[in-house]
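The values are calculated or read from the model by the stated rules, or taken from the named source; none is laboratory data. Everything numeric here is computed off the predicted structure, so don't read it as measured data. Methodologically, a virtual Cβ is constructed for each residue, glycine included, from the backbone with ideal geometry; neighbour enumeration extends over all protein chains shown.
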Amino acid sequence: MQTAASRRHPAGRGVKSTSAATSESRRAAAELEKLIGPAAAGDRAAVSEILKIVYPLVRRYCAARMSGASHLHVTADDVAQEICLATVQAIPRYRDQGKSFLAFVYGISANKVADAFRRAQLHPAYPVAEFPDAPNNEAGPEERALAMETRRAARDLMQVLSTTHREVLVMRIVLGWTAAQTAEAIGTSPGVVRVMQHRALNRLRAELRAAS
């Protein structure tokens, strides 16, 4: 007999429950905490395991932050690799400061993505694989310029927020993470995440009202 829940989420459709995603995040954070000590002491196998855990997480993060940014000189894969390299270089210097190692990695990720956007603002690029044989309806230079201006305005608006508040909004709204997943990533509680999200959104609304 098919229940209402099974009709909404039929088996085999790749639907992942919130609790499963949260458990995955917690498992990753827990595994990283076990590995960081040996890795910092020079255990190469531990460093390799850390990269196996970290790469898919930061790749997903980069893809969400860089979605639609066709003017960037690098791809989400490029930035994810930069993050992994920076993580490996930082492991020997890592010290526990009250936040999880996963939160430390997301801090590196935020900086690398921001660097990619800064470079693109100075030297925007719109690569074309080959010249088309016929006209197409894709966005032209004017539309791309307007889109870039909109993205720049959004990024400028986000600069009024603290780094942590920006990360909370990205994880909660762009990535669609739960409060529990976000809390695990930045080393706090779900309740604090909800408060931070509420305050960040109120700050953005106030800035928009002041600018209008």
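Structure data summary
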| item | result |
| --- | --- |
| Selection within the range 153-168 - out of contact with any Phe, Trp or Tyr (no Cβ under 9 Å at 6 or more places or on another chain), at pLDDT below 85 and part of a helix (DSSP H, G or I) | ALA153, ALA154, ASP156, LEU157, MET158, THR163, THR164, ARG166 |
| One residue from ALA63, ALA116 being under 28 Å from LEU35 (Cα atoms) and modelled with pLDDT of 75 or more | ALA63 |
| Matching residues in the range 91-110 - criterion: being surrounded by 14 or more Cβ atoms within 10 Å (Cβ to Cβ), in a helix (DSSP H, G or I) and more than 19 Å from the chain's Cα centre (by Cα) | ILE91 |
| Failed condition for ASP96, given (1) modelled with pLDDT under 85; (2) of a type in the set (Asp, Glu); (3) touching a Phe, Trp or Tyr at 6+ places or on another chain (Cβ under 7 Å) | (3) |
| Pairs, first closer than 18 Å to GLY187 by Cα in the range 87-116, second not in a helix (DSSP H, G or I), C-beta under 6 Å, six or more apart | LYS99/GLY187; SER100/GLY187; ALA103/GLY187 |
| Residues that are of a type outside the set (S, T, N, Q) and loosely packed, with under 13 Cβ neighbours inside 10 Å, drawn from the range 35-69 | ALA41, GLY42, ARG44, ALA45, LYS52, PRO56, GLY68 |
